[in-house]
Each structure stands twice: as structure tokens, then as C-alpha cells.
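These notes are about the structure you will find just below.
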Amino acid sequence: MSYAENLKQKLNNDSSEPISAVIYARVSTDNDGQKDSCSNQVALAKKYIANHPNIQLVGTFVDDGISGKNDFTRPQYNAMLQLISEGKADLIITKALSRLNRDQLNSLMLRSMLVEQNANVLTLEDNQVHDFEDMGSELLHSISFAIDAQYVKRQSINGKKTQELRCERKELSAKDCQSYGYDWHSDTKTITVNEDEAEVVRRIFEEYVYRNGTPASIQKALKTEGIRKSSRTISNMIQDERYIGKFYINKRTSKLGTGQTKSKRIQLPKELWVLVERPDLQIVDTELFEMAQRI
């Protein structure tokens, strides 16, 4: 009898023989549609455990808002692996295999560890104990792992297509207004000028141009008013073209990593940037801005 079959008997026959189990939950986004997903996954697992008194919960691991395409950015996943490698858990209870990994290599590495430690996975979506020693199910698992990996690749491709569409339409997003003086409104997906902060921005430019201020002296003056900006931040603000209503998108792209390598953010040359002119968001007079650049 395989280890998986033995485990199934313990679960299905109301055995008193103890099973050490961990719960693993993960969701890759924090949008409103999935904001309770991890807590729901944990609650579902605990409900299953409540119906199986011989299961002893030895750990609950949650990676909220983290992609499953790699393992090195998931601290809770790695803590769970450590527990399994020490022989302290017989079973991982999770919603689906895709919660554990969306990378083919990492899925195979997990499978190898589970076989070595005589541990297994129970997926709640189909109430299945996965027998990773069964050669007959090996092909099905391999297909499942490949599908999960393709899902990540499709997400990356769709993200790039969305970015291309934004560039064609010259649409700004939340990341495009990450400058002091602007507010992003997620409900309407619009940017507006924060008038209180905008007044501080104008003062910074005026101090710099008309009163011979330096980023360091301006920083000290603002600090006395409770406005904390580093001199480096002030220096960057003085060069920020957003303050004259010129926003640039498509400044970066990304290269999708594998399960063992990080995705990379790549800075694009300026000739590939897309200019979005928004005179309604101009905070600083153009002539004043140009004088600051000459200084």
C-alpha cells in the first residue's frame, strides 16, 4: 500500500491514528474581488480539519498578495517547506495545487520533497489526496503543473497588451502620479492636484530660483513646518516634468522570471517613453520650471 493510500484510509475511516497537517493559503492580488480569499481558504481548511479529529494542525501559512510563480518571494511557503523537510508534517491542506505553485520547476521540486518525506497534499476543491508516487497520475500532475506555469505567462502577456493599449490611449494610472502634489482616485481612476501640497511645490521652486535656496536649505525650512522631505527628494522634485503637466508612461518594461529567478524591471530609453500632456495638472509655471533647470 502506498503512503497516499494509507493516508486516505486514515482520513476516510475515522481512524484515531494522528495525522500532522499544515494549511497553506495564497492569493496573488489584493483587489476587492479577492480581498477575503486567503481567510476563506483557511476557514475551509479548518472546517475540514474539524470533521477529522485525528488531524493535528501544526502550522498555518498564508502568503497574501504574492504570486506563486516563484518561491523565494514567499516567506510563509518557505517556512512550510522547512517544517516538512524536518519531518514534522504529513499533509498539506490547500485549496488547489495552483495555490502552492504556478511554476513547473518549483512544482516538481515540491513533489520530490513530499515523496522523500512521505508527505502529501490534500486539495479541498476536489477533496483529493494526491499520490505523487503513483506513476499513473504522474502525467496528470505534469500537465497540471504546465497549465499553471502557462497561466503566469498569459498574465504577463496580457499585462503587456494592456500597457500597449494605455500607451495608444495615453491613459495615466496610479503609478504615474506618485509625486507630491497629486492625488489618485481609485474609484474614478483619475488624477487631481492636491492644492495644499501643490502650494508647497510652488514654494520649493520659488525658494530655489528667486531666493538662492538649495535642496538642503529648503529641506530644513520645510522641516520646521512639519513637512519632511529629504534634500534628495527636493532635488528630484525640481527636475520633475509632471509639475508642468508633462507625464511620461512606458518608462519601464519587465522580463518574466522563472521559479528560480526574479522578474526584472528594465528601464527603457527615453525615446520609447510616451508623453501624456495634461495642462490641467500643471502646478508650476513653465517659465519658472525652465529657470530651475538652467540653475
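Does Leu83 satisfy being in contact (Cβ under 8 Å) with a residue 60 or more places away in the chain and touching a Gly at 6+ places or on another chain (Cβ under 6 Å)?
Yes; evaluated as a whole, the condition is true for this residue.
Here is a list: Asp103, Asp14. Which entry is open to solvent by 30 Å² or more (accessible area, probe 1.4 Å), at pLDDT below 90 and not hydroxyl-bearing (Ser, Thr, Tyr)?
The unique qualifying residue is Asp14.
Quick one: how many residues across the stretch 106-117 are over 21 Å from Ala45 (Cα atoms) and either more than 25 Å from the chain's Cα centre (by Cα) or at pLDDT 90 or above (or both)?
5
Report, by residue number, each residue of the stretch 236-260 that is modelled with pLDDT of 95 or more and over 27 Å from Arg166 (Cβ atoms).
Correct list: Ile238 only.
I need every pair where a residue in the stretch 186-198 that is farther than 16 Å from Glu171 by Cβ and touching a residue at least 12 places away in the same chain (Cβ under 8 Å) has its Cβ under 7 Å from the Cβ of a residue that is open to solvent by 50 Å² or more (accessible area, probe 1.4 Å) and not in a loop (DSSP other than H, G, I, E, B), sequence separation at least 6 or different chains.
Hits for this filter: Asn194/Asp183.
Scan the stretch 57-91 for residues that are modelled with pLDDT of 95 or more and open to solvent by 80 Å² or more (accessible area, probe 1.4 Å) and report the count.
The total comes to 0.
The values are calculated or read from the model by the stated rules, or taken from the named source; none is laboratory data. What you are looking at is a predicted structure, and each value in this text was computed from that prediction instead of being measured. Ideal geometry is used to build each Cβ from the backbone, glycine not excepted, and the neighbour counts take in all protein chains shown. Ligands, DNA and RNA are stripped out before the accessible areas are found, and what is left, the full protein with its side chains, is counted by its heavy atoms. Shrake-Rupley method; radii C 1.70, N 1.55, O 1.52, S 1.80 Å.
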